[in-house]
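Here is the structure we will look at, set down as structure tokens.
Coordinate-derived values only; no laboratory data. Just so it is clear, the model here is predicted, and its values are computed rather than measured. Cβ coordinates were reconstructed from backbone atoms using ideal geometry, including for glycine residues, and neighbour counts include every protein chain displayed.
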Amino acid sequence: MGSDQSDLIVEFAAATQSLGALQAAAYRLIGTATCQIDQTSDRWVCRLAPIESRKSKPPSSDALKNQFMDLVTDENLRERVAERTSDIRNVILALAFGSLANSSETHHQ
């Protein structure tokens, strides 16, 4: 991605913002914008470039920044929920797969 005038730069503190959430938010922008994520010392630098399409005009810089920030916020929440519910999720998976294994052994005997 070049350093075009229409590129928008959004920065985050690397100590408080996970790369995973930024990558997931960038993925969700596919078709709307491209996003290049680099780390410079203690900052994540996200360079957003709107994509022009025959179907619609590219979003304004403000609209693109707002959409990206909303997606990053959503991904941060998803990470926190996944962390907090991992023990419960693991128990549910263990019970489900344990039940499947027992069912499979019963049918093979």
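For the range 29-71, the C-alpha radius of gyration divided by 2.2 N^0.38 Å, with N the number of residues, is 1.26.
Rounded to the nearest 20, the size of the Cβ-charge dipole of the range 8-84 about its Cα centre is 300 debye, with Lys and Arg at +1 and Asp and Glu at -1. Calculated FRET efficiency, Ile51 and Ser18, Cβ-Cβ r, R0 25 Å, to nearest 0.05? According to the calculation, E is roughly 0.50.
Full extension of the chain segment joining Asp62 with Asp7 gains 18.6 nm, where the gain is 0.36 nm per residue of separation less the Cα-Cα distance. For the range 40-97, the convex hull spanned by the alpha carbon atoms encloses 163 Å³ per residue. Temperature 10 °C, viscosity 1.306 mPa s: under these conditions the Stokes-Einstein estimate for the range 8-84, based on its Kirkwood radius over C-alpha pairs, is 123 µm² per second.
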